[in-house]
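Some notes on the structure that comes next.
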Amino acid sequence: MSSEPLYLQIKQFIDDNIASGRWPHGHRITTEVELAKQFSVSRMTVNKAIRDLVNEGKLTRKPRAGTFVNLNHQKPESPF
């Protein structure tokens, strides 16, 4: 078992799926609830991993639609 925190393991899992092309640009990723069940963790643990990837520009969240692989993989620029 890895000594990395669980949210980092989940983050790596998502990142690996993106990098391998299994989850291509624009793909709706697995829901937080499904990932929480898959990894036997709380939804908040999955949420932390996804938030990190959103902040890195790899994922985009769309209210009521889901979380999607970002097309440009660029961190969103600050409006300031």
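The values are calculated or read from the model by the stated rules, or taken from the named source; none is laboratory data. From a predicted model like this one, the values you see are computed outputs, not experimental measurements. Don't worry about glycine lacking a Cβ; one is built from the backbone with ideal geometry, like all the others, and counts go over all protein chains shown. Accessible surface is based on the protein model in full, side chains and every heavy atom, while ligands, DNA and RNA are left aside. Shrake-Rupley method; radii C 1.70, N 1.55, O 1.52, S 1.80 Å.
Select, from ALA36, ALA49, the only residue that is closer than 17 Å to ASN70 by Cβ and of a type outside the set (D, E, K, R). I'd like the intermediate steps shown before the answer.
Values: ALA36 fails: closer than 17 Å to ASN70 by Cβ.
Only one candidate passes the filter, namely ALA49.
What residue, among those in region 36-51 that are open to solvent by 30 Å² or more (accessible area, probe 1.4 Å) and assigned to a helix (DSSP H, G or I), is farthest from LYS11 (Cα to Cα)? Reasoning before the result, please.
Applying the first criterion (open to solvent by 30 Å² or more (accessible area, probe 1.4 Å)) to region 36-51 yields 37-40, 42-45, 48, 51.
Then keep just the ones that are assigned to a helix (DSSP H, G or I); that gives 37-39, 43-45, 48, 51.
Values: LYS37: 15, GLN38: 13, PHE39: 12, ARG43: 13, MET44: 13, THR45: 10, LYS48: 9, ARG51: 9 Å.
By that ranking, first place goes to LYS37.
Within region 14-33, which residues are in contact (Cβ under 8 Å) with a residue 12 or more places away in the chain and either of a type in the set (S, T, N, Q) or within 19 Å of LEU71 (Cα to Cα) (or both)?
Answer for region 14-33, where residues must be in contact (Cβ under 8 Å) with a residue 12 or more places away in the chain and either of a type in the set (S, T, N, Q) or within 19 Å of LEU71 (Cα to Cα) (or both): ILE14, ASP15, ASN17, ILE18, TRP23, PRO24, HIS25, GLY26, HIS27, ARG28, ILE29, THR31.
Taking the options ARG22, ARG28, name whichever one is basic (Lys, Arg), out of contact with any Phe, Trp or Tyr (no Cβ under 9 Å at 6 or more places or on another chain) and open to solvent by 60 Å² or more (accessible area, probe 1.4 Å). Spell out how you get there, then give the answer.
Numbers: ARG28 fails: out of contact with any Phe, Trp or Tyr (no Cβ under 9 Å at 6 or more places or on another chain).
Of ARG22, ARG28, the one residue that is basic (Lys, Arg), out of contact with any Phe, Trp or Tyr (no Cβ under 9 Å at 6 or more places or on another chain) and open to solvent by 60 Å² or more (accessible area, probe 1.4 Å) is ARG22.
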